[in-house]
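In what follows, a single structure is set out as structure tokens and then discussed.
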Amino acid sequence: MKTYNIATIPADGIGPEVISAGLRVLEAVEEREDGFRLQIETFGWGSDYFKQHGAMMPADGNKQLKAFDAIYFGAVGSPEVPDHISLWGLRLRICQGLDQYANVRPSRIFPGIRTPLSDIRPGELDWVIVRENTEGEYSGAGGRCHRGFSEEVATEVSIFTRTGVERIMRYAFAIARSRPKKLLTVVTKSNAQRHGMVMWDEIAEEVARDFPDVCWDRMLVDAMTARMVLQPRGLDTIVASNLHADILSDLAGALSGSLGVAPTANIDPELRFPSMFEPIHGSAFDIAGKGIANPIAAFWSAAQMLDHLGEPCAGRRLVDALEIVCESGILTPDVGGNASTDEVTEAVINSIRRANA
Ligand code: GGG
């Protein structure tokens with residue numbers, strides 16, 4: 001029997017609620033599978049840790065995480081810690097420190113969940129957004145000087161490297177190739193951002209030659225927002241820079257019903273380090289502790305984790321249960337229902353236990 005060592009970092013706000021629900025659901029999946037077990041270790045890092053220690057995680061945090069097969073993450077952000085401190089001190093530090101350069105964000109409309117798009121049915125929106133996850137607008141390059149004076153200056157420098165762009169482009173073309181439509185849209189803003197984004201376009205052309213079976217096109221990010229709303233059926237795999245894909249994937253989450261259903265995987269495709277799986281949503285302090293956070297995104301990201309660990313049947317089992325529960329109308333308020341986090345979790349566990357195979 002294989003054992004996978006999983007580090008969980010529930011962190012802030014609704015993070016602990018959805019991660020503890022996710023662990024219960026993973027336990028139910030594990031009970032139905034013969035081949036593996038999950039060994040869980042929880043790390044209490046995040047904004048409360050910051051208040052005690054002055055850092056979001058220990059100095060050797062990434063070294064500790066390297067001992068695990070995967071990381072299951074909740075959410076970061078607290079009203080008591082500036083967002084740029086909490087984000088850079090935890091989530092981005094892990095993504096960059098473990099070179100999780102491919103951020104994979106699938107979007108689908110589950111049966112039973114209403115989309116704001118008027119004439120689209122479940123199954124007709126089925127996208128994967130690939131976000132470059134370690135550089136670009138999130139390189140962290142820049143600074144401030146003459147603080148508080150009228151001549152104050154702040155720079156925020158986007159850094160795009162050929163290595164960084166080429167590897168994410170190859171990853172995105174490979175994902176597109178693995179999907180039935182074999183269709184990739186490369187999103188940039190190369191009319192206005194005339195250096196880094198033009199390099200993105202050039203590298204897309206170069207990499208495309210190695211994927212002649214993938215049909216691909218290019219879009220400017222502003223036009224892409226309109227296309228996602230007005231022609232959602234014509235899209236499949238989408239690749240974009242760190243910031244652009246972050247924005248597009250929030251839109252994708254909203255179009256598939258709620259950010260509460262949108263998962264994300266921070267992948268090191270070379271498997272040198274553990275990859276990290278989390279709901280796209282943040283800490284949502286406005287609903288923390290109310291028991292109404294939607295756990296579906298955390299469950300779906302747990303399924304991504306199972307796939308990544310090499311347990312696709314277990315991942316499929318979990319996603320099947322999500323579809324059944326959503327279709328049955330057991331939904332949290334963000335997707336129009338009145339069920340609690342616990343009720344959705346129980347329903348998913350029961351569905352996993354009842355499934356035939
Ligand atoms: N679970 C995702 C999360 O906690 N996100 C917090 C956040 O603010 N992320 C910003 C970003 O990824 O750009």
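The values are calculated or read from the model by the stated rules, or taken from the named source; none is laboratory data. Just so you know, these numbers come straight off a predicted model, no measurement behind them. With ideal geometry, Cβ positions are generated from the backbone for all residues, glycine too; neighbour counts draw on all protein chains shown.
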Considering residues that are surrounded by fewer than 22 Cβ atoms within 10 Å (Cβ to Cβ) and on the phi > 0 side of the Ramachandran plot, the number found within segment 259-301 is 3
Residue pairs, Cβ under 9 Å, 6 or more apart or interchain, first in segment 78-98 and in contact (Cβ under 8 Å) with a residue 12 or more places away in the chain and farther than 15 Å from PRO58 by Cα, second part of a helix (DSSP H, G or I) and among the basic types (Lys, Arg). List them. SER78/LYS51; GLU80/LYS51; VAL81/LYS51
Quick one: which residue in ASP320, ASP250 is surrounded by fewer than 20 Cβ atoms within 10 Å (Cβ to Cβ), within 16 Å of the ligand (Cβ to nearest atom) and either at pLDDT 95 or above or within 17 Å of VAL76 (Cα to Cα) (or both)? ASP250
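So which of ILE19, ILE9 is within 16 Å of the ligand (Cβ to nearest atom), in a strand (DSSP E or B) and touching a residue at least 12 places away in the same chain (Cβ under 8 Å)? Step through it out loud before you land on a result.
On the way: ILE19 fails: in a strand (DSSP E or B).
The conditions single out ILE9.
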Could you tell me whether any residue of segment 154-166 is touching a Phe, Trp or Tyr at 6+ places or on another chain (Cβ under 6 Å), assigned to a helix (DSSP H, G or I) and away from the ligand (no atom under 16 Å from the Cβ)? yes
For GLU205, the lone unmet condition from (1) among the charged types (D, E, K, R); (2) within 24 Å of GLU124 (Cβ to Cβ); (3) not in a strand (DSSP E or B) is (2)
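Which residues, taken from segment 58-110, are among the basic types (Lys, Arg), in a loop (DSSP other than H, G, I, E, B) and closer than 28 Å to CYS326 by Cα? Let's see the steps before the verdict.
As a first pass, look at segment 58-110 and keep what is among the basic types (Lys, Arg): 63, 66, 91, 93, 105, 108.
Retained after the next criterion (residues that are in a loop (DSSP other than H, G, I, E, B)): 66.
Within segment 58-110, none qualify.
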What are the residues in segment 82-93 that are crowded, with 20+ Cβ neighbours inside 10 Å and more than 11 Å from the ligand (Cβ to nearest atom), if any? GLY89
Scanning segment 293-330 for residues that are of a type in the set (Gly, Ala, Ser) and in a helix (DSSP H, G or I), which turns out farthest from ALA254 (Cα to Cα)? ALA314
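Could you say whether any residue in segment 279-292 is touching a Lys or Arg at 6+ places or on another chain (Cβ under 9 Å) and either in a loop (DSSP other than H, G, I, E, B) or within 11 Å of the ligand (Cβ to nearest atom) (or both)?
Yes, some residue in segment 279-292 is touching a Lys or Arg at 6+ places or on another chain (Cβ under 9 Å) and either in a loop (DSSP other than H, G, I, E, B) or within 11 Å of the ligand (Cβ to nearest atom) (or both).
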